[in-house]
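Scroll down for the structure; my scribbles are underneath it.
Each value in this text was obtained by applying a stated rule to the coordinates, not by laboratory testing. Computed from a predicted structure; not experimentally measured. Backbone-built Cβ (ideal geometry, glycine too); neighbour counts: all protein chains shown.
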C-alpha cells in the first residue's frame, strides 16, 4: 500500500461487497409491498410466497451482479421473475403459518435454480461469443 491509498481504492482481484446494508434495505422495500398486497386481499399464503420469491430472485441476481452490464443477464432475470410471478399466482398457497426452517429448503432450492439458470446462460453466452470469429 502506498501513501494515502489505504482502503479506498478497489482491488481488481477482490470481488466487490455486493451484499451491503443499502442492498438489504432495497430488498426489504421490494418484498414488503407484494406481501402486504396479498395480505390485504385476504391471501397471506400467497403474500408469503411472493415475498420469498422476491427475496430469492433479488439475492440470486445480486450474487451475479458482475454480469449486470450484459443485456442477456437482464433478459434472463426478467424471464425468471415472470416465471416466479406465474408460480405465485397459479399455485394455491396455504395460509397456514410455517416456521422458517420448514420454508428454508424450498427457498434454497429456488435460489439454486435461479442462480444456476443465470450461470448456465452466462456459460452459453461465453461459449457462443467464443465461436464468433
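Along Cα→Cβ, 7 Å out, is where each label goes; now give me the distance between the ones at residue 30 and residue 68 in nm to one decimal.
1.0
Let a ≥ b ≥ c be the square roots of the eigenvalues of the Cα gyration tensor of the stretch 39-133; is it rounded (a/c under 1.5), or, if not, prolate (a/b larger than b/c) or oblate?
Numbers: a/c = 3.12, a/b = 2.40, b/c = 1.30.
Taking the square roots of the gyration eigenvalues as a ≥ b ≥ c, the stretch 39-133 is prolate.
May I ask you to order 66-76, 46-56 by the average number of other C-beta atoms within 10 Å around their residues, highest value first? List each step's numbers first, then the result.
Numbers: 66-76: 13.7, 46-56: 21.9.
Ranking, from highest mean packing down: 46-56, 66-76.
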